[in-house]
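The block underneath contains the structure these notes are about, expressed in structure tokens.
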Amino acid sequence: MPTTATDPKILAQLDEPYALTEEQITRFREDGFVKLPNFWSAELLAHYDDIITRLTLSLNPKKDVPLKDRSTYDQAFIQVGNLWKKDAQAQELAHSKRGAQAAAQLMGTNGTRMWHDQALYKEAAGGFTPWHVDQQYWPMASGHSVTMWMPFTAVPIEMGPLCFGRGSHLKNIGRDIEISDDSEQLIREAIKANGVLEIFEPYALGDVTFHYGWTLHRAGPNTTTDSRRVFTVIYMDEQMRLAEPKNQNQKNDWNSWTPSTKLGEVMDDVLNPVLYSAG
Ligand SMILES: O=C(O)CCC(=O)C(=O)O
């Protein structure tokens, strides 16, 4: 079904800077994540919820496989990447200056490039997301990567909001373990042994979180009868260079998200446009 063009008032909101406080920037750098209230308006969320949900359900690679027959990873969410390449309105959201500028300011970089976007829909009765770090998958030469995790609705605890290991981006925990039942168990034990605090809170409508690629995180199962509808945009430093892949996941992600970039180069593939630069 065709979707109506985005209202110019909503388009303008995508470009408006978010007024980050010094405290929010400090929290992000020390804790490895920060929650930003009222990042998006209810009308903007309702508009893009329709668009992203339609795309995600139509492109869902697991749509014919019942939940019970899937792996732990595939029970955790429906995952569809780079929606911005498939739909002009998804691109409006994925390339918002508001998100890209906040990411640069939080990391303290001059600008940000696109790594990729992802819809992460935890279905009704969908399983937990095991503990992991994202950068295990990414062949990046520095830790200047960050995910904006934006739900289209409020996310109560029983729907599976993200849970973060506070300050875990500064500790070397679980960096070699891919997301799996093993990562859930091994990282859980390491978190306890290292006294890392787990921060697990509901999201109100309009809240987003930003977390570093090296921050440990997980999510509980969705025990409600609604889908947890989340869109994420992953940003990196505009100067990010391609590092030698450390594992097969990093080789795959090189191929998927920055195929023309050579080792040691700035990731300047057509898939990695600069989304914000302070100049
Ligand atoms: O949405 C989830 O359950 C996991 C999300 C995640 O791992 C991420 O955005 O880095």
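Any read-out appearing in this document is the output of simple, stated calculations on the displayed coordinates, not a laboratory observation. On a predicted model such as this, the values are computed, not experimentally measured, just so you know. Glycine gets a Cβ as well: all are built from the backbone with ideal geometry, and neighbour counts include every protein chain shown.
At a glance:
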item: Förster-model FRET efficiency, 45 Å R0, Asn172 and Thr223, C-beta, rounded to 0.05; result: 0.85
item: Efficiency of FRET from Cβ geometry, Ala88 and Glu244, R₀ 35 Å, rounded to 0.05; result: 0.45
item: Local electrostatic count at Lys63 - Lys and Arg +1, Asp and Glu -1, tallied over other residues with Cβ under 12 Å; result: -1
item: The chain, relative contact order [Cα under 8 Å, separation at least 6], %; result: 28 percent
item: Burial order of peptide ranges 131-142, 53-64 (average beta-carbon count within 10 Å, highest first); result: 131-142, 53-64
item: Farthest toward positive dipole pole in the stretch 60-101 [+1 Lys/Arg, -1 Asp/Glu at C-beta], among Ala76, Val65, Gln89; result: Gln89
item: Charge-dipole axis of the stretch 115-228 as Lys and Arg at +1 and Asp and Glu at -1 on Cβ define it, positive-most pick from Val208, Gly220, Leu197; result: Leu197
item: Residue-span extension gain [Val270 to Arg27] - 0.36 nm each, minus C-alpha spacing; result: 84.2 nm
item: The chain: calculated mean residue ellipticity at 222 nm from DSSP helix runs of at least 4, using -39500 (n - 2.57); result: -8500 deg cm²/dmol
item: Relative contact order %, the stretch 1-109, counting alpha carbon pairs below 8 Å whose residues are six or more apart; result: 40 percent
item: Part-to-part distance (alpha-carbon centres) for the stretch 72-136 and the stretch 151-186, which is given in Å; result: 15 Å
item: Cβ-defined net charge surrounding Leu242, 9 Å radius [Lys, Arg +1; Asp, Glu -1]; result: 0
item: Whether the stretch 21-144 is rounded, prolate or oblate, judged on the alpha carbon gyration tensor where a/c under 1.5 counts as rounded; result: prolate
item: All aspartates and glutamates inside 14 Å of Lys62 as judged from Cα atoms, apart from same-chain residues fewer than 8 positions distant; result: Asp74, Glu123
item: Prolate/oblate/rounded label for the chain (Cα gyration tensor, a/c 1.5); result: rounded
item: Where only alpha carbons of the stretch 141-229 are counted, the Rg and the Dmax (Å); result: 13.7, 41
item: Net charge over other residues, Cβ less than 15 angstrom from the Cβ of Ile157 (K, R count +1; D, E count -1); result: -1
item: Relative contact order (percent, whole number), the stretch 51-136, Cα cutoff 8 Å, 6+ residue spacing; result: 37 percent
item: Within the stretch 33-52, backbone nitrogen closer than 19 Å to the virtual label 7 Å beyond the Cα of Asp7 toward Cβ; result: 38-52
item: Calculated over the stretch 174-279: convex hull of Cα atoms, volume per residue (Å³); result: 176 Å³
item: Chain lengthening between Leu57 and Lys251 when straightened (0.36 nm per residue, less Cα-Cα); result: 67.1 nm
item: Burial ranking of peptide ranges 270-279, 121-130 (average Cβ count within 10 Å, highest at the top); result: 121-130, 270-279
item: Under-5 Å amide H pairs with Ser145, H placed in peptide plane, nonlocal only; result: Gly213
item: The chain, dipole about Cα centre (Lys/Arg Cβ +1, Asp/Glu Cβ -1), debye to the nearest 20; result: 240 debye
item: Translational D in µm²/s for the stretch 4-79 (Stokes-Einstein at 20 °C, 1.002 mPa s, Kirkwood Rh from C-alpha pairs); result: 135 µm²/s
